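Have a look at the structure below before the remarks.
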Amino acid sequence: MRDRSRTVGTLIVAAALPALTGASLPTPDVSAVITGLRSHNGQLMACLTARPDTFPNCQNDPEARRLIVPATSPTLDFGRVLTGRYAIAVIHDENSNGKLDKRLMIPREGFGFSQDAPVVMGPPKFSSAAFPVGSVGERLSIKMRYMF
């Protein structure tokens, strides 16, 4: 019993040490695996943001993390981020022209959002796609959708 209490005490001190010494705790990683791709042509364009006013395209968020990866490697690694609430938007840019192609305002290429946020008459709101990132990070699965 004495060894167990010593182990518990050591763990408590180890957990509190960064706060006591002023050292910062490690920041968590965020990554996502993309599922449901209809082909491995082109690239995946993704952004991660904590700002509801810039979701889903993240263009006006200088803090947003943007990634472009080949569709043959459907894993997104956004790296280390601060704890908080984030949302991810992904486009399957099948022809690699750097944009989401549309016909009559309807996407011709695939798209997906964190939390499998529903799409009703336009992209989802940040609150539907948002997920918390705590001290251990987050690994998500994002399902692609295609209208055509």
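Coordinate-derived values only; no laboratory data. Remember, predicted model here, so these are calculated numbers, not experimental data. Cβ atoms come from the backbone with ideal geometry, glycine included; neighbour counts cover every protein chain shown.
Side notes on the structure shown:
- Kirkwood estimate for segment 26-143, i.e. one over the average of 1/r between Cα atoms, Å: 14.3 Å
- In order through segment 120-126: 3J(HN,Hα) via Karplus (6.51 cos²θ - 1.76 cosθ + 1.60), integer Hz, x for Gly, Pro: 9, 6, x, x, x, 7, 3
- Taking Lys and Arg as +1 and Asp and Glu as -1, the other residues whose beta-carbon sits under 12 Å from that of V119 total +2.
- Amide hydrogen neighbours beyond the local backbone of K143, cut-off 5 Å, H modeled: T35, F113, D116
- Theoretical gain in end-to-end length, Q115 to S141 [0.36 nm per residue, Cα-Cα removed]: 8.5 nm
- Simple spin-label estimate for N95 and S73 in nanometres, 7 Å along Cα-Cβ: 2.6 nm
- Ranked by how many other Cβ atoms sit within 10 Å of their own Cβ, fewest first, the residues M45, M147 fall in the order M147, M45.
- Contour minus Cα-Cα distance for R66 and F131 (0.36 nm per residue): 21.7 nm
- Dipole magnitude for segment 75-148: about 180 debye, using +1 per Lys or Arg Cβ and -1 per Asp or Glu Cβ, origin at the Cα centre.
- By the count of neighbouring beta-carbon atoms within 10 Å, fewest first, S39, S128, S31, S114 end up ordered S39, S31, S128, S114.
- Likely footprinting exposure, F131, F78, F55, fewest C-beta neighbours within 10 Å first: F131, F78, F55
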